[in-house]
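What follows is a single structure, written as structure tokens, with notes after it.
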Amino acid sequence: MATQETPGTTGTTITSPEALDDALAQLAAALGDRLLTPSSAGFADAAEVYLGGPERTPVAVARVRNTDEIAAVLAVARRTGLPLGVRAGGHNLARHALVDGGIVVDLRLMDGIEIDTEAGVGRAQGGALAGAYVAAAGEHGLATGFGDTGGVGLAGIALGGGIGYLSRAHGLTVDNVLGAEVVLADGRVVRADADENPDLYWALRGGGGNFGVVARLDLRLRELPVVTGGMFVWPADPGVLAGVLAAFAQAPAELSGMVNVMVAPPLPMLPAEAHGKPVVMALACFTGPADQAEAAYAPLRALGPLHDSVAEIAYPEMFAGGGGPESGLPGDARTGFLGAGAWAPDEAWAAAAIKAVLAAPEGVAAVNLRPMGGAIGAVDAADTAFAHRDAAWMVTVQGLAQDLGGATALGEWIAAASDALGVAGPGYVNFMARATEQDVRDAYPGATLDRLREVKRAYDPGNLFASNHNVRP
């Protein structure tokens, strides 16, 4: 059998078509028609993710239903050296779920969710979507904070960090992960929590998919029957944008959200004269008592929004609309962290952000800012593998190109705009479109990366799980 060494792994790659067919036949015996190859009906859909990009065609997509089947796929990848991808929601900007010429573990059939109201724990399988979990928990007046989009994979956002509508009040998603069931590279199924495999538990919370396939997460639930939340939109003016950012920076921890500087789409709630013009759009969520919401939102309302839909609603309504349709468009982004404490960008920075958006190439582009602080900063940077605890803002310059031909112009704009805004480099793996070694060092600074490497050597010394923001053992 002809073989060749695979960089970063201890295995070998099959080059013989007969040997590859034999390996896939073994998987097909276990999975039946849930092992999809390029000749299978449904393969094209199974081998696509949310964002488009350069073609990556796996040799097989394995639609698993349990940990035994996951282990069977890992055994084939380990024995043959075929690259391995793990897919849940498929929203990762770097498109890590797809591996060219490799095998994809597709978790989407493992989407079970259990809400244990007595224990205050939500249990979700690795293929569950964030919006489905939010809805299930919301039926009991309970919540766990994720991001802002229901269509993303729950495990993916949780393992990378998870900053969204509840983060300043309740912490990041990683701060609310109580434990995980993980299928390791050698096929063993282990529990990772504060008592069992605590080193793995630490690494999973921010270290992404570097250490195994997460078959289930246990998450802390909190009572949250209602919130006061919704959308604000203002004309894009430097003074207004600076005021919005200052209001969020100085707000009580119960107020979380995000601010987008973008060109307004033709939304029906906006005046027609705002369509196609730069705007400041904020999505906000206040978790405190309803009688305190008016004071929390007063600084934002004082800036004269064109649109204000903030009202007392059930928390799942913040995720209305789910993840939207599959975009199929190439996406790109650069993300980083700015400031500390209650700092907010000034009018000069705000003017640069508006200027950058106006200079964006054809497509969809935005500067997205998420206020940190509150419960996010209350966690010590060494307590999880998400180390960016002291920052005031997470800033992402992002966009979708109309097609692959426009991806280069989009990338050039993102680089130039990021430099102009002081977004020095990547820092949040869930929003990173690339995964160079420097990107990984930026995401996991200093001692964090050293500790992650120790855990990687213990649990995946052959680097089977390499299609990610890879921590090399």
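The values are calculated or read from the model by the stated rules, or taken from the named source; none is laboratory data. Worth saying up front: this structure is predicted, and the values here are computed from it rather than measured. Positions of Cβ are backbone-derived with ideal geometry, glycine not excepted, and every protein chain shown enters the neighbour counts. Ligands, DNA and RNA are stripped out before the accessible areas are found, and what is left, the full protein with its side chains, is counted by its heavy atoms. Shrake-Rupley method; radii C 1.70, N 1.55, O 1.52, S 1.80 Å.
Take the residues in segment 197-238 that are among the acidic types (Asp, Glu) and touching a Lys or Arg at 6+ places or on another chain (Cβ under 9 Å); name whichever of them is nearest to HIS170 (Cα to Cα).
Taking segment 197-238 first, the residues among the acidic types (Asp, Glu) are 199, 218, 223, 237.
Those left that are additionally touching a Lys or Arg at 6+ places or on another chain (Cβ under 9 Å): 199, 218.
Details: ASP199: 23, ASP218: 16 Å.
Among those residues, the one meeting the criterion is ASP218.
Step by step: first the residues of segment 287-306, then only those that are touching a helix residue (DSSP H, G or I) at 6+ places or on another chain (Cβ under 7 Å) and closer than 23 Å to THR396 by Cβ, then the one that is least open to solvent (accessible area, probe 1.4 Å). Which residue is that?
Only one residue fits best here, namely LEU300.
Check whether at least one residue in segment 198-206 is under 28 Å from TYR315 (Cα atoms) and open to solvent by less than 10 Å² (accessible area, probe 1.4 Å), and report yes or no. Step through it out loud before you land on a result.
First, pick out the residues of segment 198-206 that are under 28 Å from TYR315 (Cα atoms): 204-206.
So of that shortlist, the ones also open to solvent by less than 10 Å² (accessible area, probe 1.4 Å) come out as 204, 206.
Yes, that holds for at least one residue.
State whether the residues of segment 250-270 include one that is polar (S, T, N, Q), in contact with a helix residue (DSSP H, G or I) (Cβ under 8 Å, 6 or more places away or on another chain) and more than 12 Å from LEU303 (Cα to Cα).
Filtering segment 250-270 for residues polar (S, T, N, Q) gives 250, 256, 260.
Subsequent filtering for residues that are in contact with a helix residue (DSSP H, G or I) (Cβ under 8 Å, 6 or more places away or on another chain) retains 250, 256.
From what is left, the residues that are more than 12 Å from LEU303 (Cα to Cα) are 250, 256.
Among the residues of segment 250-270, at least one is polar (S, T, N, Q), in contact with a helix residue (DSSP H, G or I) (Cβ under 8 Å, 6 or more places away or on another chain) and more than 12 Å from LEU303 (Cα to Cα), which makes the answer yes.
What strands (runs of 3 or more DSSP E) lie completely within segment 307-389 and have 1 or more residues being modelled with pLDDT under 95 and either among the small types (Gly, Ala, Ser) or open to solvent by less than 40 Å² (accessible area, probe 1.4 Å) (or both)?
Values: elements: 311-313, 331-340, 363-371.
The qualifying strands (runs of 3 or more DSSP E) are 331-340, 363-371.
Looking only at segment 136-148, count how many residues are in a loop (DSSP other than H, G, I, E, B) and surrounded by 24 or more Cβ atoms within 10 Å (Cβ to Cβ). Show your work before the answer.
Within segment 136-148, the subset in a loop (DSSP other than H, G, I, E, B) is 139-141, 144-148.
When the remaining residues are screened for being surrounded by 24 or more Cβ atoms within 10 Å (Cβ to Cβ), the result is 144-147.
Looking only at that region, the number is 4.
Give just the number: which of (1) open to solvent by 10 Å² or more (accessible area, probe 1.4 Å); (2) touching a residue at least 40 places away in the same chain (Cβ under 8 Å); (3) closer than 30 Å to GLU69 by Cβ does ALA253 not satisfy?
(3)
Matching residues to (1) in contact with a Leu (Cβ under 7 Å, 6 or more places away or on another chain); (2) in contact (Cβ under 8 Å) with a residue 60 or more places away in the chain; (3) within 21 Å of ALA387 (Cα to Cα); (4) assigned to a strand (DSSP E or B):
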position	(1), (2), (3), (4)
GLY150	yes, yes, no, no
TYR165	no, yes, yes, no
ALA185	yes, yes, no, no
ASP199	no, yes, yes, no
ALA203	yes, yes, yes, no
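Out of curiosity, is LEU410 closer than 24 Å to VAL213 by Cβ and surrounded by 14 or more Cβ atoms within 10 Å (Cβ to Cβ)? Break it down into steps so the answer makes sense when it comes.
On the way: closer than 24 Å to VAL213 by Cβ: no; surrounded by 14 or more Cβ atoms within 10 Å (Cβ to Cβ): yes.
Considered against the rule, which asks whether it is closer than 24 Å to VAL213 by Cβ and surrounded by 14 or more Cβ atoms within 10 Å (Cβ to Cβ), LEU410 comes out as no.
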